[in-house]
Amino acid sequence: AAGRPLTSELRSAGWAHLADDQATKLAKALQGNTTLVNLDLFQNNISARGIKPLLDVLSSNITLQNLCLSSNKLGDNGAAYVADFIRNNKFVKELSIANNQITDDGAILLADALKANSSLEKFDISGNKLSQIAYDALVEALAVNTSIEDIRGVEDDRAQQILDDEGDLEPFPHLIP
């Protein structure tokens, strides 16, 4: 089944109850895929253990543009894997990791990775356990990153000032159900 073409959109939101073992199986199924554009894994039970093999496979996918990992259980270890993914990815434009039990430690890793990323346009880190320390790191990343147009979850006015002055944060139509 590896390498078999899939649809350009794959949603397994919540009702699928994907856990780490199923995420690993999904990773195997996605190996070599060249058609997937949207992957929505909203509200499952995927932790760092399950996200690592999935991100390893997705790192070579050049068609994926929208990735929703919101409302899982990634934590800071999972955030480290996501950071590695976005640091090297040149194709994903929208990424949501909202509500994933990420703390300042994970957010700092993500902020560092955002400095090196040139493809992300929309980034959602809302609903995590962040303090001003994380906001400072993310604002610093926004000052360096020239591709991000929209960010959610950074409770700091400086973030919006760095971004577009329009002030309207459009919803993430591909990522948020």
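The values are calculated or read from the model by the stated rules, or taken from the named source; none is laboratory data. Remember, it's a predicted structure, so these values are computed and weren't measured experimentally. Here Cβ is always computed from backbone atoms with ideal geometry, including for glycine, and neighbour counts include all displayed protein chains. Accessible surface areas use protein heavy atoms only, side chains included; no ligands, DNA or RNA. Shrake-Rupley method; radii C 1.70, N 1.55, O 1.52, S 1.80 Å.
If you count, for each residue, the other Cβ atoms within 10 Å and average over each peptide, how do 22-32, 121-131 line up from highest to lowest? Walk me through the numbers before you get to the answer.
On the way: 22-32: 17.5, 121-131: 20.2.
In decreasing order of mean packing, 22-32, 121-131 become 121-131, 22-32.
Give me the Kirkwood hydrodynamic radius of segment 60-110 in Å, from all C-alpha pairs, to one decimal place?
On the way: mean 1/r = 0.0898 Å⁻¹.
Kirkwood radius, segment 60-110: 11.1 Å.
Assuming 0.36 nm per residue, please report the length gained on full extension of the stretch residue 9 to residue 91 beyond their Cα-Cα distance.
Details: separation 82, 0.36 × 82 = 29.52 nm, distance 1.55 nm.
Residue separation times 0.36 nm, minus the Cα-Cα distance, leaves 28.0 nm.
So how far apart, in nm, are the two label points at residue 21 and residue 116 if each is 7 Å from Cα heading toward Cβ?
3.4 nm
For residue 132 and residue 157, compute 0.36 nm times the residue count separating them, minus their Cα-Cα distance, and round to one decimal in nm.
Details: separation 25, 0.36 × 25 = 9.00 nm, distance 1.17 nm.
Stretched out fully, the residue 132 to residue 157 stretch lengthens by 7.8 nm.
Starting from the Kirkwood radius over alpha-carbon pairs of segment 30-95, derive D by Stokes-Einstein at 20 °C in a medium of 1.002 mPa s and give it in µm² s⁻¹.
On the way: Rh = 11.8 Å.
The Stokes-Einstein estimate is 181 µm²/s.
Percent of accessible area on segment 27-155 owned by carbon and sulfur, 1.4 Å probe? Present the calculation step by step, with values, prior to reporting the outcome.
Numbers: 2410 of 5050 Å².
It is 48 percent, rounded to a whole number.
Tally Lys/Arg at +1 and Asp/Glu at -1 over every other residue whose Cβ is under 14 Å from the Cβ of residue 114; what's the total?
Numbers: positive: 87, 90, 93, 115, 122, 152; negative: 84, 94, 112, 121, 124, 136, 140, 149, 150.
Local net charge: -3.
Which entries in 25/90; 25/52; 90/122; 52/115 show an alpha-carbon gap greater than 23 Å?
Details: 25/90 25 Å; 25/52 12 Å; 90/122 14 Å; 52/115 21 Å.
Pairs exceeding the cut-off: 25/90.
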